[in-house]
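**Q** Sharing a structure with you now.
Just so you know, all these numbers are worked out from the coordinates, no wet-lab data involved. Note that the coordinates shown come from a computational prediction; the quantities given were computed from them, not determined experimentally. Cβ placement follows ideal geometry from the backbone for every residue including glycine, while neighbour counts extend to all protein chains displayed.
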Amino acid sequence: MRILIVEDEERIASLVKQGLEEQGHTATVAYDGLSGKKLAQQHDYDLLISDIILPHLTGLELCREIRSAKPDMPIILLTALGTTDDKVEGFDAGADDYLVKPFDFRELLVRIRAVMNRKIGSQFLQPSILKYADLELNNQTKTVSRSGKTISLTPKELKLLEYMMQNSERVLSRVEIAEKVWDTHFDTGTNFIDVYINYLRKKIDKDFTDKLIHTKQGLGFIFVTEK
């Protein structure tokens with residue numbers, strides 16, 4: 001794979017680059033956000049790995065720019081910040097995964113495999129349009145509507161909704177959602193999954209009589225038509 005690393009700490013950038021090349025990948029390094037943006041626009045990379053705190057253009061800004069121009073490019077963010085709010089902000093910017101520093105390089109490899117496997121698998125998965133009750137999700141245009149009303153979702157909210165629609169009428173645990181939607185193990189010390197469930201509820205359920213997202217106490221969540 002061709003991988004772009006955007007990291008201003010030269011030691012970390014060098015270690016990640018060396019480790020990836022030892023795994024047979026081609027790795028390019030940019031040391032600030034603007035340089036990373038220019039490289040990403042000029043070349044076709046299979047994956048972007050970016051720090052969040054960068055000179056000139058932050059990793060979050062870079063993530064939004066790349067996600068807008070290349071919506072299918074997998075993105076992993078690296079950061080020393082690991083609170084729920086930090087993770088939500090990273091996922092809202094369009095990141096596929098979020099790795100907190102310091103990290104074991106083997107964990108980065110696991111995250112990379114998970115992100116790439118999901119990308120390959122998604123190409124053969126669901127039909128272009130998912131429907132449940134009066135809710136419709138178009139995978140090609142990345143649009144959502146309910147009873148004809150367009151609903152604006154962030155990239156991660158869209159992935160969460162897609163997974164819940166694909167597994168409607170089945171209880172989904174927080175562990176399963178973390179592994180399937182975020183490609184990560186559920187951290188009981190954070191509540192970012194509940195945060196996203198609440199975001200989604202406000203957008204697709206709040207203004208409608210029939211509620212679709214329900215909590216099963218002690219078990220997880222279920223996507224089903226109930227009043």
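**Q** Would you kindly state the longest site-free stretch of the chain, with sites defined as chymotrypsin sites (Phe, Trp or Tyr not before Pro) in a DSSP loop (not H, G, I, E, B) surrounded by at most 16 other Cβ atoms within 10 Å?
**A** Longest site-free region, per DSSP loop and neighbour criteria: 1-102.
**Q** How far apart, in nm, are two points set 7 Å out from the Cα along the Cα-to-Cβ line at Ala133 and at Lys180?
**A** Label-label distance for Ala133 and Lys180, simple model: 1.9 nm.
**Q** How much mean residue ellipticity at 222 nm does the chain get from its helices, if each DSSP H run of length 4 or more adds -39500 (n - 2.57) and you divide by all residues, to the nearest 500 deg cm²/dmol?
**A** Mean residue ellipticity, 222 nm, calculated: -13000 deg cm²/dmol.
**Q** If Lys and Arg each add +1 and Asp and Glu each add -1, what is the summed charge of the other residues whose beta carbon sits under 10 Å from the beta carbon of Ala13?
**A** Around Ala13, the charge tally is -3.
**Q** Could you tell me what fraction of 2.2 N^0.38 Å the Cα radius of gyration of the chain comes to, as a two-decimal ratio?
**A** 1.05
**Q** Got a sec? Charge dipole of the chain, +1 on Cβ for Lys and Arg, -1 for Asp and Glu; which of Thr58, Ile5, Ala133 is way out at the positive end?
**A** Final value for the positive-end residue is Ala133.
**Q** Between Phe208 and Thr143, what is the spin-label point distance in nm, taking each point 7 Å from the Cα along the Cα→C-beta axis?
**A** Label-label distance for Phe208 and Thr143, simple model: 1.7 nm.
**Q** Please list, short to long, the whole-number percent of alpha-carbon pairs of the stretch 29-78 in consecutive 10 angstrom bins beginning at zero.
**A** Here the calculated profile for the stretch 29-78 is 29, 65, 6.
**Q** While we're looking at this one, here's another question. Which listed residue (Val144, Leu39, Leu99) has the Cα farthest towards the positive end of the charge dipole for the chain, taking +1 on Lys and Arg C-beta and -1 on Asp and Glu C-beta about the Cα centre?
**A** With unit charges placed on the Cβ atoms, the residue in question is Val144.
**Q** Report the trypsin sites (Lys or Arg not before Pro) located in the stretch 55-161 that are in a DSSP loop and have at most 15 other Cβ atoms inside 10 Å of their Cβ, or state none.
**A** Loop-located and lightly packed - Lys142.
**Q** Moving to a separate point now. Would you kindly state how much longer the chain becomes between Arg64 and Arg2 on full extension, computed as 0.36 nm times their sequence separation minus their alpha carbon distance, in nm to one decimal?
**A** Full extension from Arg64 to Arg2 adds 20.3 nm.
**Q** Along its principal axes, what span do the Cα atoms of the stretch 1-66 show, with the longest given first and each in whole Å?
**A** The Cα atoms of the stretch 1-66 stretch 30, 25, 14 Å along their principal axes.
**Q** Now for a different question. Which entries of Lys149/Lys202; Lys149/Lys216; Lys101/Lys142; Lys87/Lys149; Lys70/Lys211; Lys17/Lys37 show an alpha-carbon separation above 22 angstrom in the structure shown?
**A** With Cα atoms farther than 22 Å apart: Lys149/Lys216; Lys101/Lys142; Lys87/Lys149; Lys70/Lys211.
**Q** If we count every other residue with Cβ under 10 angstrom of Asp207's Cβ, Lys/Arg +1 and Asp/Glu -1, where does the sum land?
**A** Taking every other residue near Asp207 into account, the sum is +4.
**Q** Could you give the length gained by full extension between Lys216 and Met116, i.e. 0.36 nm per residue of separation minus their alpha carbon distance, to one decimal place?
**A** Full-extension gain reported as 32.9 nm.
**Q** Still on this model: Give me the distance in nm between label points sitting 7 Å out from Cα along the Cα-to-Cβ direction at Ser152 and Asn191, one decimal.
**A** It works out to 2.7 nm between the two label points.
**Q** Can you tell me what share of the DSSP beta bridges in the chain is antiparallel? A percent to the nearest 5 is fine.
**A** About 50 percent, rounded to the nearest 5.
**Q** Test of understanding: in a Gaussian network model of the chain with alpha carbons linked when under 10 Å, which of Arg11, Arg170, Arg201 would top the mean-square fluctuation ranking?
**A** Arg11
**Q** Also: Please state the charge dipole magnitude for the chain, taken about the Cα centre, from unit charges on C-beta atoms (+1 on K and R, -1 on D and E), reported in debye and rounded to the nearest 20.
**A** In debye, rounded to 20, the chain gives about 740.
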